[in-house]
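Trainee: Sending over a structure as structure tokens; questions will come in a sec.
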């Protein structure tokens, strides 16, 4: 029996299932691997990511957070923040006074969480065992503790422990930060020296304390005796004062009782007086209110009467006044409209005149432009043309100036000679010519010449004798 036709579809179906399973499983595996590379840092550790971290740093420190660790290019480790207790028994340390002392102490340290100090810890402590870290810290503490003891006197070390601990903390912590550690606590158990100097100081201090205690006890006994005597004296004084105060109190009480009775009677009389006065005042107020009510009623009646009269007189007058105002407003409106019409007419007239003047001036300008072009664009020749055109009018004007002179009534006495060879007649004509507007200049501008006799030049004398004047001489 041939099974090949049945196996081929079955094989194709299995291949499709495998491909589908691979497409689903591969992303899931990849996502799971990526999730596993996301590392969370607990609060008692520091996550140190090293490898290619970027930013120019050899490692990246994370405390109390999380970071993604890239495969192949990055890896990570943890630094433990658990405090470490180190016993440091310093012996034969030379003090400032060259006295050797023993300083047994215990230091508690741990890895710091400050950003810059964490970086130092990642660079110098990563991979070290706890014992190696403790040995490194112990060496640093020993060296700094010796320096602090060498800089202080025995008295300062023994008496001022706070200052001693402050110096130790300042010196040791600065050096521990260089390797990424932090000083948490310092405990100095005891300090002693081989020469017994500190013990002697202790005995001296104890004896001084005992003596001061004895003095204090004696002073307290003395103060007690004095205090007892003062107490007895104060007792007798206070008893006598209490008796006196009791008698004074009784007398005062009696006086107060008498004053109280007198005050009571006075208040009763005052209350009765106030009551009587109040009754009279209330009665007066009642009468006053009655009078006021009557006055209000009278005023109301007067106002009503006044209103009735006003309705009969004022209302018609007010209506007449409003009618007059309406008529005046209508008349004013009519006058305003007439004035507006006249103003519009005047405006239109002036506007027409302005347009006419504008047309005249425009035509004159065009005419002048044509005259200048006719003169060959020579402004001087154009002016001569204009003057020649107006010359008859100018001559007429000149003639008007002397036309009313009665020439036949003028007598000129001629003596036959004159200055510069001119006769009196020529001088007279020349003077008369000068009294006329300057016609010569106008003729000169027009390119013309006046006759010589009008210029004041020599004139031919046709008469030898002057005309007789019948007017009597003065």
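The values are calculated or read from the model by the stated rules, or taken from the named source; none is laboratory data. It should be emphasised that the depicted structure is a prediction, and the values quoted were computed from it without experimental measurement. Because the Cβ atoms are built from the backbone with ideal geometry, glycine has one as well, and the counts that use them run over all protein chains shown.
Trainee: Is the stretch 92-104 home to any residue that is surrounded by 13 or more Cβ atoms within 10 Å (Cβ to Cβ), part of a strand (DSSP E or B) and without any contact (Cβ under 8 Å) to a residue 60 or more places away in the chain?
Mentor: yes
Trainee: Another one. Looking at residue 88 and the list (1) touching a strand residue (DSSP E or B) at 6+ places or on another chain (Cβ under 9 Å); (2) without any contact (Cβ under 8 Å) to a residue 24 or more places away in the chain, which single condition is not satisfied?
Mentor: Among (1) touching a strand residue (DSSP E or B) at 6+ places or on another chain (Cβ under 9 Å); (2) without any contact (Cβ under 8 Å) to a residue 24 or more places away in the chain, the lone unmet condition for residue 88 is (2).
Trainee: Quick one: would you say residue 25 is without any contact (Cβ under 8 Å) to a residue 24 or more places away in the chain, loosely packed, with under 10 Cβ neighbours inside 10 Å and either in contact with a strand residue (DSSP E or B) (Cβ under 8 Å, 6 or more places away or on another chain) or not in a loop (DSSP other than H, G, I, E, B) (or both)?
Mentor: No; evaluated as a whole, the condition is false for this residue.
Trainee: So, one more: If residue 132 passes every condition in (1) without any contact (Cβ under 8 Å) to a residue 40 or more places away in the chain; (2) part of a strand (DSSP E or B); (3) farther than 30 Å from residue 153 by Cα but one, which one does it miss?
Mentor: So the condition that residue 132 fails would be (2).
Trainee: Taking the criterion of being more than 18 Å from residue 177 (Cβ to Cβ) and surrounded by 15 or more Cβ atoms within 10 Å (Cβ to Cβ), would at least one residue in the stretch 105-127 satisfy it?
Mentor: yes
Trainee: Which of the residues spanning the stretch 128-144 are crowded, with 16+ Cβ neighbours inside 10 Å and closer than 21 Å to residue 41 by Cβ?
Mentor: 133
Trainee: Has the stretch 185-193 got any residue that is modelled with pLDDT under 75 and either in a helix (DSSP H, G or I) or in contact with a strand residue (DSSP E or B) (Cβ under 9 Å, 6 or more places away or on another chain) (or both)?
Mentor: Yes, because at least one residue in the stretch 185-193 is modelled with pLDDT under 75 and either in a helix (DSSP H, G or I) or in contact with a strand residue (DSSP E or B) (Cβ under 9 Å, 6 or more places away or on another chain) (or both).
Trainee: List pairs: first in the stretch 369-393 and in contact (Cβ under 8 Å) with a residue 40 or more places away in the chain, second exposed (fewer than 14 other Cβ atoms within 10 Å of the Cβ), Cβ under 7 Å, 6+ apart or cross-chain?
Mentor: Once the first residue is in contact (Cβ under 8 Å) with a residue 40 or more places away in the chain and sits in the stretch 369-393, its partners that are exposed (fewer than 14 other Cβ atoms within 10 Å of the Cβ) give 384/447.
Trainee: Taking the criterion of being in contact (Cβ under 8 Å) with a residue 24 or more places away in the chain, closer than 24 Å to residue 62 by Cβ and not in a loop (DSSP other than H, G, I, E, B), would at least one residue in the stretch 164-178 satisfy it?
Mentor: Checked against the condition, which is being in contact (Cβ under 8 Å) with a residue 24 or more places away in the chain, closer than 24 Å to residue 62 by Cβ and not in a loop (DSSP other than H, G, I, E, B), the stretch 164-178 yields at least one hit.
Trainee: Would you mind stating whether residue 100 is at pLDDT below 85 and touching a strand residue (DSSP E or B) at 6+ places or on another chain (Cβ under 9 Å)?
Mentor: yes
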